[in-house]
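Here the structure comes first, spelled out in structure tokens, and everything after it is commentary.
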Amino acid sequence: MNKQLKLFLAGAALLAVASCGDDKPKTADIALSPEAGTSINAGKELSVKITLPDGMNVDSVVYMLDTLRIGSRKDTTAVTVKTDGMPLGNKVITANVFTGGKSQEVTSNIVLLAAKAPQMYTFKVEKVYPHDTSSYTEGLEYHDGYLFESDGGYLTPPPNEDVTGQSSLRRVDLNTGKVVQQAMVDPKVFAEGITIVGDKIVQLTYKEKIGYVYDKKSFKLLKTFSYTAGTEGWGLCFDGEKIYNTDGSNSILFLDKNDYHQIGAINVYDNEKQIDQVNELEYIDGKLYANVYTSDDILVIDPKTGAVLAKIDMSSLYPKDKRNANADVLNGIAYDAKGKRIFVTGKNWDKLFQVKFVKTEELPL
């Protein structure tokens, strides 16, 4: 075979390959909007559509938002979705594009934020009670005339941990701050949040992936369970139907009240960003109240969507330069449902405060 013929055949082969490639649907250039990472405030309509490359036709498109089908089209017109009442956070958008007997999946995502900025609140102190400075408060509840408190710490702290003192579960006299009943926790375990479910007290641990269940009256340990819901165990509260649980992220997990496995979750966002390190929890009149670890803020959160409805600035409650020597950060919210009283304290504080939350604009000038 001469050289010219070889060159001719090679060129023909390349043209054939290129021609075959042109016969394939040009699906790689399909664009899906909104662009990945777009932030949208809840309440606004979400408009989803594809854009096709020149010369390409579509038979049909099926759109999904996470696992929910939100609509279909036989062209490139948009599908609109109402976002009112949706849980906040990252939402995956998927378009299944059908053309020429074939299909391709194109994905994007949005971040759904709270509809509006949180209302700003401050507080009024109604009464001050003593608090045991030996308690590194991780969980706080008020029931039957007593405070129930989870005190965190390691008897011998492992590397990178500096909170010393054996963890415990406590029943505390509100008026005196004295511990009237106590159950010590395994000295190798760091106790975290607690909540009361019927005649039982549920207590989490920090990194040990263990939960404890006590008899509320005797403090007898009834059982332990494997905690697998969150990356770490932080806060707990109970609304009468399910347990809410934080793990140090911006997530609030829902746990089954009987066996403590995860049954759902929300993610906490204000109108601009996600809020991390959501910590100790209390359920008050249909809303979640949460400490944000290392901050002086208490958030009021919608338990259905994760939206921050209000932010309470507690920075002047107990200024750092006025606190007792070993006092640490604000942490601990308890609610007296019968007396409509709210109590807050901090880790190793010598005071516990009964407070009333007040809208900033309602304060007298």
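If you sort K217, K44 by accessible surface, 1.4 Å probe, largest first, the order is K217, K44. Calculated over region 195-298, the projected area of the Cα convex hull averaged across directions stands at 7.0 nm². With a Förster radius of 45 Å applied to the C-beta separation of T107 and D173, the computed FRET efficiency comes to 0.20. Across S103, S251, the residue with the most accessible area heads the list, and the full order at a 1.4 Å probe is S103, S251. Per residue, how much accessible area does the chain show when a 1.4 Å probe rolls over the protein heavy atoms, in square angstrom? For the chain, the per-residue accessible area is 50 Å². For region 56-112, a crude dipole built from +1 on the beta carbon of Lys and Arg and -1 on the beta carbon of Asp and Glu, taken about the Cα centre, is about 60 debye to the nearest 20. Against the main long axis of the alpha-carbon atoms of the chain, helix 3-23 sits at an angle near 50°.
Per-residue accessible area (protein heavy atoms, 1.4 Å probe) orders L65, L221 as L221, L65, starting from the largest. Per atom type, the chain shows carbon and sulfur on 50% of its accessible surface, probed at 1.4 Å. So what is the calculated 222 nm ellipticity per residue for the chain, using -39500 (n - 2.57) for each DSSP H run with n of 4 or more, over all residues, to the nearest 500 deg cm²/dmol? For the chain, the value works out to -2000 deg cm²/dmol.
Rg then Dmax, both in Å and based on the Cα atoms of the chain: 28.1, 106. The solvent-accessible area of V128, taken with every protein chain present and a 1.4 Å probe, is close to 80 Å².
Of the Cα atoms belonging to region 98-211, the radius of gyration and Dmax stand at 22.5, 78 Å.
In terms of distances greater than 25 angstrom between alpha carbons, the cross-link table entries K127/K347; K74/K273; K322/K356; K242/K347; K216/K320 yield K74/K273; K242/K347; K216/K320. Among the listed pairs K44/K257; K200/K351; K44/K124; K178/K338; K287/K351; K124/K178, those whose Cα-Cα separation exceeds 31 Å are K44/K257; K44/K124.
Region 249-305 has equivalent-ellipsoid semi-axes of 20, 12, 12 Å, by the square roots of 5 times the alpha carbon gyration tensor eigenvalues, sorted largest first.
Hey, any idea what Rg/Rh is for region 52-163, computing Rh the Kirkwood way over Cα pairs? For region 52-163, the value is 1.31. Overall form of region 112-154: prolate. Here a/c, set by the Cα gyration tensor axes a ≥ b ≥ c, is 1.5 or more, and a/b is the larger of a/b and b/c. Amide H contacts of S135: N348, each under 5 Å away and 5 or more positions distant or on a separate chain (H built 1.01 Å from N in the peptide plane; Pro and chain starts excluded). Straight-line cross-link reach from K102 at under 20 Å between alpha-carbon atoms covers these aspartates and glutamates, not counting any fewer than eight positions away in the same chain: D22, D23, D29, D54, D59, D75. The shape of region 305-353 comes out oblate: with a ≥ b ≥ c from the C-alpha gyration tensor, a/c is at least 1.5 while a/b does not beat b/c.
The values are calculated or read from the model by the stated rules, or taken from the named source; none is laboratory data. Since the model is a prediction, treat every value here as computed from it, not as a measurement. Here Cβ is always computed from backbone atoms with ideal geometry, including for glycine, and neighbour counts include all displayed protein chains. Just so you know, the surface numbers come from the protein's heavy atoms only, side chains and all, with ligands and any DNA or RNA stripped out. Shrake-Rupley method; radii C 1.70, N 1.55, O 1.52, S 1.80 Å.
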